[in-house]
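Visitor: Take a look at the following structure, please.
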């Protein structure tokens, strides 16, 4: 555990120095307050529109951080050749991968805190206030990106950063429409195609399990079982994805 914590801490320090991270956060800080001007044109719906816009902005910028950083972590180590020093020490490859993941999640958490506080301040300026559903929605968005970060790190063991980013974006888009994909799979012609499409729809993470935006925007009741499902699903999917990524990394020729 100490080795994993050390790797995570180093990854966090490297990530917060990354100019891309600062650029995304600064952009978010400009976009969220700037949305007040456009929202002011919608009389009577300002708070709902602000929440919807704010959740979307946080999800987008968080996704960019997760994809850009997650798919490039292993590549950076190989490019700088620092990974050869790490694997030569008593550090297992899976510890390196897990440590990198937790370091990146700490970076993402910092970005979420900054963007979340900015959205809260913007709400307060417009006479709105954050409630339990607001924080649950932010937690759900973070859970989505925790899963996507694990997927990005899996692709980082298989492909270049550019290809890994493309694949991760595709998984994210498909994951936000997982239920629709399963309905589409049921309508596929032919037994084999139907089974293949259904198999793909179940392998892709169902990110709709983390979506509480509608409940928050329209103040709808939340089924408590959905919250527990979100937590259980996130833990199991992340553990499975990182296990597969670790197995690939263990067998990967790093020379």
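The values are calculated or read from the model by the stated rules, or taken from the named source; none is laboratory data. Keep in mind it's a predicted model, so treat the numbers as computed, not measured. All Cβ positions, even for glycine, are placed from backbone atoms using ideal geometry, and neighbour counts span all protein chains on display.
Visitor: Looking only at the stretch 229-238, filter to residues that are under 26 Å from residue 120 (Cβ atoms) and surrounded by 17 or more Cβ atoms within 10 Å (Cβ to Cβ); which one of those is modelled with the highest pLDDT?
Guide: Ranking the candidates gives 234 first.
Visitor: Also, I was wondering about something else. Which one of 121, 158 is closer than 30 Å to residue 69 by Cα and in a loop (DSSP other than H, G, I, E, B)? First the steps, then the outcome.
Guide: Working: 121 fails: in a loop (DSSP other than H, G, I, E, B).
Result: 158 is the single residue among 121, 158 that is closer than 30 Å to residue 69 by Cα and in a loop (DSSP other than H, G, I, E, B).
Visitor: Could you tell me which of the residues 22, 84, 101, 55 is under 21 Å from the mean Cα position of the chain (by Cα) and modelled with pLDDT under 85?
Guide: Only one candidate qualifies: 22.
Visitor: Restrict the check to the stretch 172-181 and report whether at least one residue is part of a helix (DSSP H, G or I), under 26 Å from residue 72 (Cα atoms) and out of contact with any helix residue (DSSP H, G or I) (no Cβ under 9 Å at 6 or more places or on another chain).
Guide: Scanning the stretch 172-181 turns up at least one residue that is part of a helix (DSSP H, G or I), under 26 Å from residue 72 (Cα atoms) and out of contact with any helix residue (DSSP H, G or I) (no Cβ under 9 Å at 6 or more places or on another chain).
Visitor: Would you say residue 74 is buried (at least 21 other Cβ atoms within 10 Å of the Cβ), modelled with pLDDT under 85 and closer than 25 Å to residue 105 by Cβ?
Guide: When the stated conditions are applied, residue 74 passes them.
Visitor: Farther than 16 Å from residue 114 by Cα, modelled with pLDDT under 75 and outside any helix (DSSP H, G or I) - does that describe any residue in the stretch 29-37?
Guide: For the stretch 29-37, residues farther than 16 Å from residue 114 by Cα, modelled with pLDDT under 75 and outside any helix (DSSP H, G or I): absent.
Visitor: Further, regarding this structure: In the set 219, 206, which member is at pLDDT 80 or above and more than 24 Å from the chain's Cα centre (by Cα)?
Guide: Values: 206 fails: more than 24 Å from the chain's Cα centre (by Cα).
Among 219, 206, only 219 is at pLDDT 80 or above and more than 24 Å from the chain's Cα centre (by Cα).
Visitor: Continuing with this model, one more query. Somewhere in the stretch 242-249, is a residue out of contact with any strand residue (DSSP E or B) (no Cβ under 6 Å at 6 or more places or on another chain), surrounded by 12 or more Cβ atoms within 10 Å (Cβ to Cβ) and either assigned to a loop (DSSP other than H, G, I, E, B) or at positive phi (or both)?
Guide: Checked against the condition, which is being out of contact with any strand residue (DSSP E or B) (no Cβ under 6 Å at 6 or more places or on another chain), surrounded by 12 or more Cβ atoms within 10 Å (Cβ to Cβ) and either assigned to a loop (DSSP other than H, G, I, E, B) or at positive phi (or both), the stretch 242-249 yields no hits at all.
Visitor: Could you pull out the residue among 232, 193, 181, 242 that is without any contact (Cβ under 8 Å) to a residue 12 or more places away in the chain and within 21 Å of the chain's Cα centre (by Cα)?
Guide: Details: 193 fails: within 21 Å of the chain's Cα centre (by Cα); 181 fails: without any contact (Cβ under 8 Å) to a residue 12 or more places away in the chain; 242 fails: without any contact (Cβ under 8 Å) to a residue 12 or more places away in the chain.
Going through 232, 193, 181, 242 in turn, just one is without any contact (Cβ under 8 Å) to a residue 12 or more places away in the chain and within 21 Å of the chain's Cα centre (by Cα): 232.
Visitor: When only residues in the stretch 213-228 that are part of a helix (DSSP H, G or I) and in contact with a helix residue (DSSP H, G or I) (Cβ under 9 Å, 6 or more places away or on another chain) count, which is surrounded by the fewest Cβ atoms within 10 Å (Cβ to Cβ)?
Guide: Filtering the stretch 213-228 for residues part of a helix (DSSP H, G or I) gives 213-218, 224-228.
Imposing the further condition that a residue be in contact with a helix residue (DSSP H, G or I) (Cβ under 9 Å, 6 or more places away or on another chain) reduces the set to 213, 215-218, 226-227.
Details: 213: 17, 215: 17, 216: 24, 217: 19, 218: 10, 226: 16, 227: 15.
Filtering first and then ranking leaves 218.
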